[in-house]
1. Report the residue, chosen from 112, 91, 300, that carries the largest GNM mean-square fluctuation when the chain is represented by alpha-carbon nodes joined by springs under 10 Å.
2. Any chance you could check the Cα centroid distance between region 32-54 and region 81-148 for me, in angstrom?
3. Rank 336, 159 by accessible area, highest first, at a 1.4 Å probe radius?
4. Measuring from centroid to centroid over Cα atoms, what is the spacing of region 358-375 and region 266-327 in Å?
5. How many Å³ per residue does the convex hull of the Cα positions in region 278-347 occupy?
6. Explain nothing, just compute: Karplus ³J(HN,Hα) = 6.51 cos²θ - 1.76 cosθ + 1.60, θ = phi - 60°, for every residue of region 327-333 in order, whole Hz, x for Gly and Pro.
7. At a probe size of 1.4 Å, how large is the accessible area of residue 362, to the nearest 10 Å²?
8. Please work out which option in (i) 46, 23, 18; (ii) 37, 28, 20; (iii) 41, 24, 20 gives semi-axes √(5λ) of the Cα gyration tensor in Å calculated from these coordinates, and answer with its label.
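The values are calculated or read from the model by the stated rules, or taken from the named source; none is laboratory data. It should be emphasised that the depicted structure is a prediction, and the values quoted were computed from it without experimental measurement. No Cβ is skipped: glycine too gets one built from the backbone with ideal geometry, and neighbour counts run over all protein chains shown. In case anyone asks, the SASA skips ligands and DNA or RNA and just uses the protein heavy atoms, side chains included. Shrake-Rupley method; radii C 1.70, N 1.55, O 1.52, S 1.80 Å.
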Amino acid sequence: MGEDLTLLIETDDGVVERNVVSAVPLPAGIDRGIAAETAIRFAAAVWGMPDFIFDPAHESSGSGVREVGDGILVTSGTAIMIQSKSRQQPSGSAERESNWLTKNIVKGLKQSAGSIRFLSARPIPMQNRRRRKVTIDGASLAWISVVIVDHDNVPEGYVPPDLEDDSVVMLRRDWEFLFNQLRSARSVAEYLRRISGENIELGTEPVRYHELALADLAVEPRAAPDWASSAAVTVSVPQAPLEPAGSLETSGHFLLRAIQEDIALSPAPSDDELIRIDVLSRLDSIPVASRTEFGQRLQSYMSEAKAWSKKTLITSTRIYLPVDPGPFESPIVFMVASRLDDLARMVFRARLELQHHDFFKITNSSDLMSVGVLLTPGTTSGRDWDTTMAAAKGDMDLDPEYVAAIRDQLAATLRS
């Protein structure tokens with residue numbers, strides 16, 4: 001499982017101690033390999049959302065049906081093929097355990113390659129941890145193979161065999177560490193892409209993570225892009241945050257996750273499930289290191305809106321714009337309104353359409369999607385807030401007079 005690991009990290013503010021706990025104990029009475037696979041998927045589902053993690057697919061063969069992979073994580077065009085390898089009863093021989101590790105890691109990487117070929121041959125219906133059916137087109141995804149080793153006594157200094165550029169090997173403890181540190185499926189996927197193909201001693205992933213976190217802190221902040229308005233604030237944050245997600249302030253940080261859960265649990269046609277996952281992935285693109293401040297600002301808007309007693313509608317808006325617009329990067333409009341009615345919906349829709357229109361002119365990409373989230377005081381029993389989601393995609397071909405009219409109206413009435 002990997003032992004507890006204590007790291008002493010030298011920062012500009014002094015030495016920081018980090019304790020990386022061992023992997024979650026596996027239940028007794030269950031085959032260790034099966035229990036480890038379940039624990040691996042569970043860790044990703046709890047911290048990375050169950051919508052992104054899929055149970056193994058199944059392939060028919062002449063001898064019956066076999067599982068394809070031990071789990072798959074899909075987010076924003078990236079898919080992580082998971083292969084789990086468990087050592088039932090380690091011996092006391094370092095040489096024997098090293099040989100076992102090398103043999104099973106190579107086997108896992110080959111199995112992963114075969115599974116990726118199978119899933120890339122044609123779209124396959126799969127079930128995610130939300131127990132919803134989603135058709136996955138593997139040929140449209142960028143794959144990373146991750147072999148996760150469940151082993152109680154890895155020989156000191158053991159380094160896995162050479163890896164392909166799209167492969168990663170780590171302990172189960174370290175897989176759980178990444179999800180507990182980042183608490184974002186997309187952030188974990190981006191980290192795995194960053195380190196793929198780079199071989200290190202097995203069991204030292206937390207060391208590599210914190211080395212990259214310190215390196216990120218030393219990167220010079222980027223200048224604002226040419227298209228940014230004078231009101232925009234460019235924020236440069238590390239890809240690998242040094243502090244665990246939400247450790248400094250919990251409620252603000254996890255507001256985004258609460259919004260994602262609202263969207264994940266809302267009724268939708270089964271044919272729209274892939275769209276829902278796409279929207280959740282785009283919301284997950286907000287950097288982990290920015291989420292606390294982002295959530296606290298929304299909370300202040302929510303407190304003001306909830307206390308608003310006048311008949312007039314009050315709205316406040318917070319917008320996230322990606323500096324490097326890409327196929328899976330979205331402008332995200334968060335609006336808080338004092339009530340949910342036709343006027344609030346109209347203002348929300350107009351703000352989203354205008355933002356999408358303006359950003360489309362910058363990217364000129366038919367794939368551009370903008371996401372909008374409207375938060376209003378709850379009208380459902382037991383809920384403090386209701387969440388409304390909308391999205392816009394591609395060229396909306398808005399009439400110039402309509403654009404000018406809503407721009408003038410919003411400029412006069414909205415606070416951003």
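1. Taking springs between Cα atoms under 10 Å, the residue moving most is 91.
2. Comparing the Cα centres of region 32-54 and region 81-148, I get a distance of 13 Å.
3. Numbers: 336 5, 159 75 Å².
Heavy-atom accessible area, descending, gives 159, 336.
4. Computed from Cα coordinates, the inter-centre distance equals 14 Å.
5. Working: hull volume 7.0 nm³, N = 70.
So the per-residue hull volume is 100 Å³.
6. x, 10, 10, 10, x, 10, 9
7. Roll a 1.4 Å probe over it and residue 362 shows about 70 Å².
8. The value computed from this structure is option (iii).
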